[in-house]
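Below is one structure, written out as structure tokens, with a few remarks after it.
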Amino acid sequence: MGRLFDLNNPFWNFMGKLVDVAWLNILWFVCCIPIITIGPSTTALYYVMLKLVKDEEGKLTRSFFHSFKQNFKQGMIIGCIMIAVGIFFGYDIYYYFQQKTTVGFVIAICLIGLTSVYVCMSMYIYPILARFDNTVKNLFRHTFLVSIRHLPKTILMVIITVAVTALQLFVPFLIVLGYGLAAFLNSYLLVGILEQYMPKEELPPTPEQLAEMGGVDPSMVTAMEDK
């Protein structure tokens, strides 16, 4: 009975993390309000979530805004690109399906295929930005490579994100956890994936190591531990 009230037992640790997730979701939502700040806000969310799942989170609010400021420029550029591409795909798929022609149908199907790649990349672009220092061009390139190399886990993260979103429609009180819950659950998978690209020493990886990493460029493994 005494263990039930022990704040260090797994149940209370988990409940504490849910409270943290709720607070981070609020920070994320507020910082997303200008729309163009969705990128740096989501990057900051994953920056803290990746630490939270490893019990390294420290002070949540300070860590969130530390990442938000540090990745603001790149995050805003990436966020605007992702929003623009998402709108482009959404509008074009709708447009070509409305044509009700064979050509329009084929084009719409091709666009759905490209949208699938876009969705897979969206699972990684912000977590990678949160952990690695690189150019916007290389971040997109590496995101594509990582999402394909870890395709089963990528699909699982997409399913988790969709499921959490759908669940909130039927369980309204979960809205307080919002997108933060999906980011939290996905972070358990992301930690294992991203750690494979963290440098174990200062020396650059050998060609054999790069081959094992799926051809990822050495520049990707320039991780910012204190980022």
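The values are calculated or read from the model by the stated rules, or taken from the named source; none is laboratory data. As the structure is a prediction and not an experimental result, all values here were calculated from the model. Here Cβ is always computed from backbone atoms with ideal geometry, including for glycine, and neighbour counts include all displayed protein chains.
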Screening 79, 75, 113 for residues that are over 14 Å from residue 39 (Cα atoms) and among the small types (Gly, Ala, Ser) leaves only 113
Flagged in the stretch 165-200 as of a type in the set (A, V, I, L, M), farther than 21 Å from residue 19 by Cβ and over 15 Å from the mean Cα position of the chain (by Cα), in numbering order, are 166, 169, 198
If we keep only residues of the stretch 196-224 that are in contact with a Lys or Arg (Cβ under 9 Å, 6 or more places away or on another chain) and either assigned to a helix (DSSP H, G or I) or more than 15 Å from residue 143 (Cα to Cα) (or both), then the residue modelled with the lowest pLDDT is 224
Taking the stretch 1-42 and keeping residues among the polar types (S, T, N, Q) and modelled with pLDDT of 95 or more leaves 25, 37, 41, 42
| query | Hey, any hits in the stretch 56-67 for a residue that's part of a helix (DSSP H, G or I) and under 15 Å from residue 178 (Cβ atoms)? | reply | yes
Residues of the stretch 90-133 being surrounded by 20 or more Cβ atoms within 10 Å (Cβ to Cβ) and either at positive phi or not in a helix (DSSP H, G or I) (or both), in sequence order, are 123, 124, 132
Of those in the stretch 143-180 that are touching a residue at least 12 places away in the same chain (Cβ under 8 Å) and part of a loop (DSSP other than H, G, I, E, B), the residue farthest from residue 27 (Cα to Cα) is 150
